[in-house]
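The values are calculated or read from the model by the stated rules, or taken from the named source; none is laboratory data. Nothing here was measured: the structure is a model prediction, and the numbers come from that model. Methodologically, a virtual Cβ is constructed for each residue, glycine included, from the backbone with ideal geometry; neighbour enumeration extends over all protein chains shown.
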There are 2 protein chains.
Amino acid sequence: MPDILPADSIGLVTPQVAHFEQPLRLDCGRELGEYDLVYETYGELNSARSNAILICHALSGDAHAAGYHSMKDKKPGWWESAIGPGKPIDTNRFHVVCLNNLGGCKGSSGPNTVNPQSGKPWGPEFPIVTVRDWAESQARLADRLGIDQWAAVIGGSLGGMQVLQWAIDYPKRLRHAVVIAAAPNLTAQNIAFNEVVRQALRSDPDFHNGHYYEHGVVPSGGLKIARMLGHITYLSDDAMRAKFGRELREGKINFGFDVEFQVESYLRYQGESFVERFDANTYLLMTKALDYFDPAAAHGGNLSAALAGVEAKFFVASFTSDWRFSPTRSREIVKALLDGDKTVCYAEIEADHGHDAFLIPIPHYMDVFGSYMKQVYADIPPEVTV
Amino acid sequence: MPDILPADSIGLVTPQVAHFEQPLRLDCGRELGEYDLVYETYGELNSARSNAILICHALSGDAHAAGYHSMKDKKPGWWESAIGPGKPIDTNRFHVVCLNNLGGCKGSSGPNTVNPQSGKPWGPEFPIVTVRDWAESQARLADRLGIDQWAAVIGGSLGGMQVLQWAIDYPKRLRHAVVIAAAPNLTAQNIAFNEVVRQALRSDPDFHNGHYYEHGVVPSGGLKIARMLGHITYLSDDAMRAKFGRELREGKINFGFDVEFQVESYLRYQGESFVERFDANTYLLMTKALDYFDPAAAHGGNLSAALAGVEAKFFVASFTSDWRFSPTRSREIVKALLDGDKTVCYAEIEADHGHDAFLIPIPHYMDVFGSYMKQVYADIPPEVTV
């Protein structure tokens, strides 16, 4: 808990709620009659409404990307490293918007909110949403906020996939697309990890086919396994070696099933704390959105064709030790953009933190990201005084 | 089911049981008063008893390394690719011995066998065994079989760790050590995967703290997750891409939680069939044996010092796409052996099958392995006629 908020933090922030009553037709064929989107904003919107940035969150993210909700918060928002005064996404220059995606569990309509038609929690009845559905709901939020064109849409991991979708679906509504540690689709191995997670969640006896809210329980065992496994794929082998190696918690082997190695202790802690802050049905929906994302599929697998119509300038970044979405996958995006003579800047950043690197203030990463964002700022059209 | 057994198979084989009544003091401090070891042999033992080969199995292996138990068997033993007439481990030349390790679930004393003291299944009371304990029990089996010195001790993965232990603990009892797709210890990432598996098994409501036998159930959800996760680490990302890619089982997305991608179907099948053939308590013990194995630890982390006393000649092999025990880990073993001026032949085999490659008859691998085994055969001391 910070007694005094750090000077480079946006400081205290307050989530807002936008309620939508225009039905949203989803990829799965179902329709959401009405829904809420929770969002936060940081920094001032200029009078031309041209300095707005949309942040898209990853699997376990939410609308709280930066700052603190109260002086009692132990931690700031999930991307505090990159968003704030003087940071790459500089809140002295930009008006930053971050929302909790549909299907999320942090305020926006999702499995843990009430289905207005039944008066009960949606639970497993909440429709499966796709990255395309998210982009559409985000575009509606932009309409609501009076933002015709984003200075940039930015996201890491699953967030980066949303950025790609934005560039494809709304080519005129963003000037820059910032795609960090992402991929144009999941590999079989990525899908396989998701499937293990789904099995763990759905086979938990407290899952009750997704109706656990009514039973007053949560599938904590499954959530714990999901998060432990997630952490293994977020960290690199080298990062885990550097962080934990084979260090024993009590300095000796105890020949039992309690924690022996430090890495076990870390994973158990991560798993347990996740149980308190995340929803299993949302986790399931997020893994499905990941699995399904594949903009090239509609073009016979040709990503260049999928990206042929984009107009945004791109910044693509990857991290050398990321084995979840390796640099190879980012280079596929870069190549497809170059095929179509798009403007793209690519940074492959030396980092041993694995996929998690995108959330970490690695100096070289922050420098490159910050430089690009200066370009984004320079590209804001001059305000015309009438 | 083969109507006629393949000509290059050892054919029908019969497991045997060796009962031991001399207590075995284990690393964990406990003692096994008596125990059984189930083993199989293939090929004739020569009169000098000098052409014997010990095969050490990996995590889910057993004594049935080659051949068929009956004409009705759908599959041969787990290393049929390498063991048989004319194969690298040529049963026309060698007398091959393979046993189910202590703590296993395929006949040798383990959690699913009866504790002679209580008359009930051992279950979670079966002591935690180490790779060193296994080598000692295997040495006792060698004594029983009248084999003073193995022509070679051979193993892949966890089996390769046992080979290292043999070379360290019984330097005069093996002429050759064949260590395939192994590592001198687990990395933090390896331990982390094991810990996820343990959590999955132990949090299964049917686990009953390991006493599931008495409840007439098995922790099938946990076993399924364990095996699915195992398979992800046994295959390489590339192998999964080549085998499954993003292929959909029904050619289209169904927006549900049934199988959609082929890779999900494969993993679920692997997981389900494993439930029928493996024991959860044994799986737990195996992961612990893996975690604990670290011969360098007793020498301040110096593997060269740990291997200083070995007398066997070594063949070490790794596979380029193995990310569970990568070539880097095998090279650590090779380097430590070279530090001590040991004789070592190292093959880094180009293969995109991942860790599983060690079980697959990849032509180049079989060639190199076979060539080395000719050397092992040539090194058998001439039989002295008195």
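For this structure, a couple of remarks:
- No other residue among B:VAL310, B:VAL386 is part of a loop (DSSP other than H, G, I, E, B), at pLDDT below 95 and of a type outside the set (Phe, Trp, Tyr) apart from B:VAL386.
- Restricting the range B:28-42 to residues that are of a type outside the set (Ser, Thr, Tyr) and surrounded by 23 or more Cβ atoms within 10 Å (Cβ to Cβ), the residue that is farthest from B:ASN101 (Cα to Cα): B:GLU40
- Positions within the range A:28-58 being among the acidic types (Asp, Glu) and in contact with a Pro (Cβ under 9 Å, 6 or more places away or on another chain), in sequence order: A:GLU31, A:GLU34, A:GLU40
- Selection status of A:ALA183, more than 21 Å from the chain's Cα centre (by Cα) and either assigned to a loop (DSSP other than H, G, I, E, B) or not aromatic (Phe, Trp, Tyr) (or both): no
- Yes/no for B:LEU223 being at the interface with chain A (Cβ under 8 Å from one of its Cβ atoms), buried (at least 23 other Cβ atoms within 10 Å of the Cβ) and on the phi < 0 side of the Ramachandran plot: no
Residues are listed down the side, and each one gets a yes or a no for (1) out of contact with any His (no Cβ under 7 Å at 6 or more places or on another chain); (2) within 14 Å of chain B (Cβ to nearest Cβ); (3) under 22 Å from B:GLN262 (Cα atoms):
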site: A:ASP143; (1), (2), (3): yes, no, no
site: A:ALA151; (1), (2), (3): no, no, no
site: A:VAL163; (1), (2), (3): yes, no, no
site: A:ILE168; (1), (2), (3): yes, no, no
site: A:LEU174; (1), (2), (3): yes, no, no
site: A:ILE180; (1), (2), (3): yes, no, no
site: A:ASN185; (1), (2), (3): yes, yes, yes
site: A:ILE191; (1), (2), (3): yes, yes, yes
site: A:ALA200; (1), (2), (3): yes, yes, yes
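- Failed item in (1) touching a Gly at 6+ places or on another chain (Cβ under 6 Å); (2) exposed (fewer than 15 other Cβ atoms within 10 Å of the Cβ), with B:TYR269 passing the rest: (1)
- If you go through the range B:60-99 and keep only what is of a type in the set (D, E, K, R) and either closer than 21 Å to B:TRP150 by Cα or crowded, with 21+ Cβ neighbours inside 10 Å (or both), you end up with B:ASP62, B:GLU80, B:LYS87, B:ASP90, B:ARG93.
For (1) part of a strand (DSSP E or B); (2) polar (S, T, N, Q); (3) in contact with a strand residue (DSSP E or B) (Cβ under 6 Å, 6 or more places away or on another chain); (4) within 30 Å of B:PRO23 (Cβ to Cβ), each residue gets a yes or a no:
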{"residue": "B:LEU45", "(1), (2), (3), (4)": "no, no, yes, yes"}
{"residue": "B:ARG49", "(1), (2), (3), (4)": "no, no, no, yes"}
{"residue": "B:ILE55", "(1), (2), (3), (4)": "yes, no, yes, yes"}
{"residue": "B:ASP62", "(1), (2), (3), (4)": "no, no, no, yes"}
{"residue": "B:LYS72", "(1), (2), (3), (4)": "no, no, no, no"}
{"residue": "B:PRO76", "(1), (2), (3), (4)": "no, no, yes, no"}
{"residue": "B:TRP79", "(1), (2), (3), (4)": "no, no, no, no"}
{"residue": "B:ASN92", "(1), (2), (3), (4)": "no, yes, no, no"}
{"residue": "B:VAL96", "(1), (2), (3), (4)": "yes, no, yes, yes"}
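- Scope the range A:138-163; condition surrounded by 24 or more Cβ atoms within 10 Å (Cβ to Cβ), touching a strand residue (DSSP E or B) at 6+ places or on another chain (Cβ under 6 Å) and in a helix (DSSP H, G or I); matching residues: A:GLY159, A:GLY160, A:GLN162, A:VAL163
- Filter pass, B:SER321 being of a type in the set (Gly, Ala, Ser), within 14 Å of chain A (Cβ to nearest Cβ) and not in a helix (DSSP H, G or I): yes
Here is a yes/no grid of residues against (1) among the β-branched types (Val, Ile, Thr); (2) closer than 30 Å to A:GLY210 by Cβ; (3) within 13 Å of another protein chain (Cβ to nearest Cβ):
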residue	(1), (2), (3)
A:ALA239	no, no, yes
A:GLY245	no, no, yes
A:PHE261	no, no, yes
A:ARG277	no, yes, no
A:LEU290	no, yes, yes
A:ALA305	no, no, no
A:ALA308	no, no, no
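- From the options B:LEU229, B:LEU235, residue that is surrounded by 18 or more Cβ atoms within 10 Å (Cβ to Cβ), in contact (Cβ under 8 Å) with a residue 40 or more places away in the chain and among the aliphatic types (A, V, I, L, M): B:LEU235
- Residue match in the range A:361-368 (condition: closer than 26 Å to A:ARG132 by Cβ and surrounded by 15 or more Cβ atoms within 10 Å (Cβ to Cβ)): no
- Residues of the range A:274-283 that turn out to be touching a residue at least 24 places away in the same chain (Cβ under 8 Å) and either more than 15 Å from A:GLY61 (Cα to Cα) or out of contact with any Phe, Trp or Tyr (no Cβ under 7 Å at 6 or more places or on another chain) (or both), as a count: 6
- Extreme residue, farthest from B:VAL316 (Cα to Cα), among residues of the range B:353-383 that are outside any helix (DSSP H, G or I) and either touching a strand residue (DSSP E or B) at 6+ places or on another chain (Cβ under 9 Å) or aliphatic (A, V, I, L, M) (or both): B:ILE380
- The range B:261-307, residues that are touching a Lys or Arg at 6+ places or on another chain (Cβ under 8 Å) and outside any helix (DSSP H, G or I): B:PHE261, B:PHE278, B:ASP294, B:LEU307
- Hits in the range A:250-259 - residues which are more than 7 Å from chain B (Cβ to nearest Cβ) and surrounded by 16 or more Cβ atoms within 10 Å (Cβ to Cβ): A:VAL259
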